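All remarks here apply to the structure that follows.
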Amino acid sequence: MPNTCVVGMQWGDEAKARIVDVLAADADLVVRYQGGANAGHTVIVEDEKYIFHLVPTGILHAGKTCVVGNGLVVDPRGLLEELADLRERGVDDEGRLWLSLRCQIVMPWHRALEAAAEAARGSEKIGTTLRGIGPCYSDKIARTGLRMADLIRPHNLRKIIDGKLDFVNPVLTKVYGADPLDGDSIYNEYAAIGAKLKPMACDTIKLLNDAVSSGKSVLFEGAQGCLLDIDFGTYPYVTSSNTTACGISPGTGLAPKHIDRVLGVLKAYCTRVGAGPFPTELVEQPFQAADSLDWQAERLPHIGAQLQTKGGEFGATTGRPRRCGWFDAVAARYTTTLNGADAVALTKLDVLSGQPVVKICNAYECDGVRYEGYLPATVDELDRCEPIYEEMPGWQEEISDARTFEQLPAAAQAYVSRIEELIGVSAEMISVGPERDQLIIRNGGWHVQA
Ligand code: IMP
């Protein structure tokens, strides 16, 4: 299989993991390149539900090598818990999960600082996953981070912890009025964690380049979604990494020429968890900044609530309800361009069954300007954008048993075809249910095409 990237092209939660799971069968290596335990990748295999946060989804396929690249921020405590759970369920990672020596480590001060900062923002909060992602990436860029290579070296670990707490504890106590952290207990816990992870830590830049040189194929597993990209997303309501395929090279050490093709994943409607602009959201009033994390449920009117319930739209990491809205072709065109997507996988089409009418947003209007394939740069403008919809007839049939495009009702086929037309690439996979086999694979299977 050519080296392939699977990337979410909305606000995350596009059901990427199940697409990765299908393609992983034909790859030699499955590689995460950005993000951290903010991700919640769900795969259902024969009624067994797996939720991955840091471990690449490919671990479910025996014999595949899985890599956590240098671009991630790794919570080592969470990683050990995730591995313990997988091992208990019979998934063996021995000798096939490798962690970059250069990935950044999420430490207790990252979570403490994030919790304090989010609380202090009040109604302006981002609604983060509180996994320490932003503060850890901030340390990376400020060149004050702690990397896997330090975690597994007790001397480095001690030195960095002490230096960091000299700075962090006054901020926690004096700026935020929070409790200080204790260096000794952090050192004792993390030195033990480092010792456990040491056998898996290696130079993944070399591992990956050697693998590619010897003809092995790599599947890149994106996390979050492109509209949460730190550079291209709805800033500042974004995550702190490059979630687009553009993040692959800096997050792995593989040169751009090794990325052969990109499969974008789009849900058949849109969702967003956390605060931030969402032009096609199904709400009766214009977007206002969230002042609590429970606000979505109260504001969802009928159709949004239906999609939320039918689609199980609750965060896999935090359990928060996801805001729901109509398919946004403006955003999808933008992210198709950003990623250079060669094709898309359209997921959760079955969730739209039963709607009398389905809508697609084809343009926004803001202050007399029309947007069709790019987004305005500011949140203020995005909040003022009026979505322009086209309406199509819905379909009443349940479609979860369809395995070919032709088995879909004509209205569902027309909906998919219209999306393809609007974004300019074809939907090579269409998911019609959460199970591994509830998938329509078109044109003989994108995974085997060169
Ligand atoms: P952070 O990544 O925890 O800093 O959160 C920043 C924003 O990204 C918040 O709106 C989160 O809800 C959102 N976010 C982070 N990870 C995911 C994900 O995997 N799926 C969907 N949203 C996410």
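For the chain, what class follows from the C-alpha gyration tensor (a ≥ b ≥ c being the square roots of its eigenvalues): rounded when a/c is under 1.5, otherwise prolate if a/b is larger than b/c, else oblate?
Working: a/c = 1.90, a/b = 1.30, b/c = 1.47.
The shape class here is oblate.
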(request) Calculate, for the range 304-394, the solvent-accessible area per residue in square angstrom, rolling a 1.4 angstrom probe over the heavy atoms of the protein chains. (result) 37 Å²
(message) Using DSSP to call loops (not H, G, I, E or B), can you name the GluC sites (Glu not before Pro) in the range 307-391 whose Cβ has at most 13 other Cβ atoms within 10 angstrom?
(response) E372
(request) Can you send over the carbon and sulfur percentage of the accessible area for the chain, probe radius 1.4 Å, protein chains only? (result) 51 percent
(message) Below 14 angstrom from the Cβ of A329, what's the summed charge of the other residues (Lys, Arg +1; Asp, Glu -1)?
(response) -1
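Determine the alpha carbon to alpha carbon distance for each of K198/K267; K140/K198; K159/K206; K125/K196; K49/K198; K64/K348 and list only those over 32 Å.
Numbers: K198/K267 38 Å; K140/K198 21 Å; K159/K206 28 Å; K125/K196 36 Å; K49/K198 29 Å; K64/K348 27 Å.
Listed pairs above 32 Å: K198/K267; K125/K196.
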(message) Please compute the modelled spin-label separation between K310 and Q413, points set 7 Å along Cα→Cβ, answer in nm with one decimal.
(response) 2.1 nm
(message) Using only Cα atoms and rounding to the nearest 10 degrees, what angle (0 to 90) does helix 133-142 make with the longest principal axis of the chain?
(response) 60 degrees
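Report the local net charge at K49: Lys and Arg +1, Asp and Glu -1, summed over other residues whose C-beta lies under 13 Å from its C-beta. Write down the numbers at each step before the final one.
Details: positive: R18, R89, R436; negative: D21, E46, D47, E48, D85, E435.
Neighbour charge sum, excluding K49 itself: -3.
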(request) Please give the solvent-accessible surface of R131 in Å², to the nearest 10, using a probe radius of 1.4 Å with every protein chain present. (result) 70 Å²
(message) With a 10 Å cut-off between alpha carbons and a GNM built on the chain, which of A24, A201, A332 moves the most?
(response) A201
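Work through the residues other than E391 whose Cβ is under 14 Å from its Cβ and net out their charges, Lys, Arg +1 and Asp, Glu -1.
Details: positive: K359, R418; negative: E390.
Residues close to E391 contribute a combined charge of +1.
Kindly rank 133-141, 274-282, 46-54 from highest to lowest mean number of other beta carbons found within 10 Å of each residue. Please report the intermediate quantities before stating the final value.
Details: 133-141: 21.2, 274-282: 23.2, 46-54: 15.6.
In decreasing order of mean packing, 133-141, 274-282, 46-54 become 274-282, 133-141, 46-54.
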(message) Below 8 Å, C-alpha to C-alpha, sequence gap of six or more: please give me the relative contact order for the range 156-251 in percent.
(response) 14 percent
(message) Rounded, prolate or oblate for the range 105-196? Axes are the square roots of the Cα gyration tensor eigenvalues, ordered a ≥ b ≥ c, and the cut-off for rounded is a/c under 1.5.
(response) prolate
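Dipole magnitude of the range 151-274 about its Cα centre, charges +1 at Lys/Arg Cβ and -1 at Asp/Glu Cβ only, in debye to the nearest 20? Don't skip to the end; give the middle numbers.
Working: 13 positive and 12 negative charges, 62 e Å.
For this selection, approximately 300 debye.
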(message) Taking the full set of protein chains and a 1.4 angstrom probe, give the accessible area of T65 in square angstrom, rounded to the nearest 10.
(response) 40 Å²
(message) Just to be sure I understand: with springs between alpha-carbon atoms less than 10 Å apart, which residue in G132, G95, G264 has the highest mean-square fluctuation in the Gaussian network model of the chain?
(response) G95
(request) Give me the distance between the Cα centres of the range 177-198 and the range 33-94, rounded to whole Å. (result) 23 Å
(request) State whether the range 315-450 is rounded, prolate or oblate according to the following rule on the C-alpha gyration tensor (a ≥ b ≥ c being the square roots of its eigenvalues): a/c under 1.5 gives rounded; otherwise a/b larger than b/c gives prolate, and the remaining case gives oblate. (result) prolate
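The values are calculated or read from the model by the stated rules, or taken from the named source; none is laboratory data. The structure presented is a predicted model; accordingly, all values stated were derived computationally and were not measured. No Cβ is skipped: glycine too gets one built from the backbone with ideal geometry, and neighbour counts run over all protein chains shown. Ligands, DNA and RNA are excluded from the accessible area calculation, which covers all protein heavy atoms including side chains. Shrake-Rupley method; radii C 1.70, N 1.55, O 1.52, S 1.80 Å.
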